[in-house]
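Read the structure below first, then the notes.
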Amino acid sequence: MTFSIHGLAVARGIAIGRAVLVASSRVDVAHYFVKPEQVGAEIQRLRVARDAVVDELQRLQIDMPKDAPHELAALLDVHLMLLQDEELTSGVVHWIKTRLYNAEWALTSQLDIIVRQFEEMEDPYLRERKADMEQVGERVLHCLKGTGPLVTQAKRPQRPQQELQLGDTDVPLVLVAHDLSPADMLQFKQSVFTGFVTDVGGKTSHTAIVARSLDIPAVVGARTASQLVKQDDWVIIDGDAGVVIVDPSPIILADYGFKQRQGDLERERLARLRHTPSVTLDGQKIELLANIEMPEDTAAALTAGAVGVGLFRSEFLFMGRQGHLPDEEEQYQAYRRAVDGMNGLPVTIRTVDVGADKPLDESRHEASHLNPALGLRAIRWCLADPAMFLTQLRAILRAAAHGQVHLLIPMLAHGSEIRQTLALIAQARHELDRRGVAHGPVRLGAMIEIPAAALSLRLFLKYFDFLSIGTNDLIQYTLAIDRADESVAHLYDPLHPAVLRLIADTIAECQRQGKGVSVCGEMAGDVAMTRLLLGLGLRSFSMHPSQILAVKHQVLRSDTRKLAPWAAQVLDSEDPAASLNP
Ligand code: PEP
Ligand code: MG
């Protein structure tokens, strides 16, 4: 039966495919396809792992001390019984044979089905066996680890679009999960999935931001999607409307297939603008820059025609590393790859911004979980750990010897933080000099993302060469709306008069003082905001590479002489959203 689930639209386009449900705890399980001729070996790998766990449990049974509690023996019996249950093995074998899933993926898919069956049982004793099933599955997964091929995220080979048929092993797959951390999302950059749905998350949560950078349709904040969608269901993800349609009828499928093709055509049309200079009708040059998460993203930035990187979110180098932070050499190599990747165009490296919804896997500052968005995040975290910060600063300054680097500091609010930061940058240079290591000049910038910063512009412009407005956080902190919380997403309003006033004043003050200013929050890549930002005087936008051409399209049709008086009116209006269309 067809039904739809509503969430928040975060990444454009339509994806149609079978659902793959992934529990958050199993996101790091390898997902790849085996070749048809490897099916036998993959099934064998599964059997070996299962038998190893059976042996282990049987040994435990034999070695169990005589006075061990009776429950322990009963528990082992249950685990052995579940492990040897045909439904588990035959189900997993089915996924391997019919879908060519690797053993780990097949196992987690089948576990998900069985666990749900347990959840639906009336009998509380049987319902509780769900936890046993999960433990047994974990043991087998653990055994499988290290026995598979090295490639963990092999890409599906490109094939022309096909008719969707049940039983087909080559249909698109969409990922459905309760939650994914930004680091998990990053893992999926090279994955087989053509769309994402998560239960939680706001429009500018970092999970959504990475989904957008993958340039595949995504819906977040879809509340109960991971409970309502079943493994292998057919699903349509409408990333424009924020809707997920489950088990669509043939008519609905045809309709969305048409929309999908329209979207492809639109992209082809936009691609022709790649080499067109970004200039308004009245001759204003507009700088379109890219936001990246990894050095390798510079390729997409150049393909989209970006004239530089306006925001390299360096924290992605620090995530998912089990507490081992990258050392100076590793960071230097990464920043250098980004600088080299841009072929002489400027690269703005933002110092690490962890905390809030971008946790490191191991919290080193436990108090932050109390209210992470207001806690020890970004520059606060860096100033609390100067050794870590100095390591990053030295690596960035070294990379600056190889090209144009701008150094951007997030989350500043206080004069004392600014002065400490500048002192540490000077110290990092001094340390490099002492070691005789080459380093280069940087332009120094501050993010304006806390209202206090937007209201202290003279202080900021005294110390910095340029400002970059982080609208994602500026909105969050101005309106007291957690950007990652879907329950207050309707109040997260980029067009709130207070937000627009802070943005407008920042742009105007920078212009007055002849300093550079750009917007690097999600507003910069939203085509509905382009004309308003142009009208407010913005001439530099930084966004995901996938958004650049659509924004350029808007720029080419705009006349800033007409937009300026209109934007002034919008700014003064009680309801800017209503007067957005000139
Ligand atoms: C912002 O806050 O707008 C920004 C660009 O930084 P981030 O989204 O990484 O917090
Ligand atoms: Mg921010």
Task: Hits in region 427-440 (condition: aliphatic (A, V, I, L, M), open to solvent by less than 50 Å² (accessible area, probe 1.4 Å) and over 31 Å from the mean Cα position of the chain (by Cα)) - done: Leu432, Val437
Task: Those residues of region 305-325 which are more than 16 Å from ligand 1 (Cβ to nearest atom) and at pLDDT 95 or above, in sequence order - done: Gly305, Val307
TODO: Identify all residues within region 29-81 that are among the hydrophobic types (A, V, I, L, M, F, W, C) and in contact with a Gly (Cβ under 9 Å, 6 or more places away or on another chain); write none if there are none.
DONE: Ala30
Task: Where Phe312 falls short, out of the listed (1) more than 20 Å from the chain's Cα centre (by Cα); (2) open to solvent by less than 70 Å² (accessible area, probe 1.4 Å) - done: (1)
Task: Only listed residue being more than 28 Å from Ser579 (Cβ to Cβ), at pLDDT 95 or above, part of a helix (DSSP H, G or I) and open to solvent by 30 Å² or more (accessible area, probe 1.4 Å), chosen from Arg419, Arg443 - done: Arg419
TODO: For region 513-554, enumerate the residues that are part of a loop (DSSP other than H, G, I, E, B) and either in contact with a helix residue (DSSP H, G or I) (Cβ under 8 Å, 6 or more places away or on another chain) or within 16 Å of ligand 1 (Cβ to nearest atom) (or both).
DONE: Gln513, Lys515, Cys520, Gly521, Asp526, Leu536, Gly537, Leu538, His544
TODO: For region 87-112, name all the residues that are of a type in the set (Val, Ile, Thr) and either open to solvent by less than 30 Å² (accessible area, probe 1.4 Å) or within 15 Å of Val136 (Cβ to Cβ) (or both).
DONE: Thr89, Val92, Val93, Ile96, Thr108
Task: Condition broken by Tyr492, with the remaining ones in (1) within 16 Å of ligand 2 (Cβ to nearest atom); (2) surrounded by fewer than 23 Cβ atoms within 10 Å (Cβ to Cβ); (3) more than 22 Å from Arg531 (Cβ to Cβ) satisfied - done: (3)
Task: Options Ala387, Ala395; residue that is in a helix (DSSP H, G or I) and open to solvent by 10 Å² or more (accessible area, probe 1.4 Å) - done: Ala387
Open item on the list: Among (1) farther than 26 Å from Ala300 by Cβ; (2) of a type in the set (Gly, Ala, Ser); (3) within 16 Å of ligand 1 (Cβ to nearest atom), there is one condition Ala356 misses while meeting the rest; what is its number?
Closed with: (1)
Task: Spans of strands (runs of 3 or more DSSP E) in region 1-84 with at least 1 residues touching a helix residue (DSSP H, G or I) at 6+ places or on another chain (Cβ under 9 Å), surrounded by fewer than 12 Cβ atoms within 10 Å (Cβ to Cβ) and of a type outside the set (Asp, Glu) - done: 3-6
Open item on the list: Step by step: first the residues of region 366-397, then only those that are modelled with pLDDT of 95 or more and among the polar types (S, T, N, Q), then the one that is farthest from Asp482 (Cα to Cα). Which residue is that?
Closed with: Thr391
Open item on the list: I'd like the residue in region 457-471 that is open to solvent by 10 Å² or more (accessible area, probe 1.4 Å) and touching a helix residue (DSSP H, G or I) at 6+ places or on another chain (Cβ under 8 Å) and, out of all such residues, is farthest from ligand 1 (Cβ to nearest atom).
Closed with: Arg458
Task: Residue among Ser226, Ser213 that alone is open to solvent by 10 Å² or more (accessible area, probe 1.4 Å) and within 16 Å of ligand 1 (Cβ to nearest atom) - done: Ser213
Open item on the list: Can you say whether Cys510 is away from ligand 1 (no atom under 13 Å from the Cβ) and touching a Leu at 6+ places or on another chain (Cβ under 9 Å), as far as the supplied structure shows?
Closed with: yes
- [ ] Write out, first by first residue and then by second, each pair whose Cβ atoms fall under 7 Å of each other, whose residues are 6+ apart or on separate chains, and whose first residue, in region 444-456, is farther than 14 Å from Asp473 by Cα while the second is within 12 Å of ligand 2 (Cβ to nearest atom).
- [x] Gly445/Leu408; Gly445/Ser468
TODO: Give me the pairs, please: first residue somewhere in region 470-491 and closer than 14 Å to Thr207 by Cα, second residue anywhere and within 12 Å of ligand 1 (Cβ to nearest atom) and polar (S, T, N, Q), beta-carbon distance under 8 Å, and either six or more positions apart or on two chains.
DONE: Asn472/Thr204; Asp482/Gln476; Arg483/Thr204; Arg483/Ser205; Arg483/Asn472; Arg483/Gln476; Ala484/Ser205; Ala484/Thr207
- [ ] Please specify each residue of region 210-230 satisfying the condition of being part of a loop (DSSP other than H, G, I, E, B) and either assigned by TED's automatic domain parsing to the domain that holds Gly525 or under 23 Å from the mean Cα position of the chain (by Cα) (or both).
- [x] Asp215, Ile216, Pro217, Gly221, Ala222, Arg223, Thr224, Val229
Task: Conditions (1) within 16 Å of Arg313 (Cα to Cα); (2) open to solvent by 20 Å² or more (accessible area, probe 1.4 Å): number failed by Val405 - done: (2)
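The values are calculated or read from the model by the stated rules, or taken from the named source; none is laboratory data. What you see is a predicted model, and the numbers here were worked out from it, not measured in a lab. Because the Cβ atoms are built from the backbone with ideal geometry, glycine has one as well, and the counts that use them run over all protein chains shown. Please note that ligands, DNA and RNA were not included when accessible areas were found on the heavy atoms of the full protein model with its side chains. Shrake-Rupley method; radii C 1.70, N 1.55, O 1.52, S 1.80 Å.
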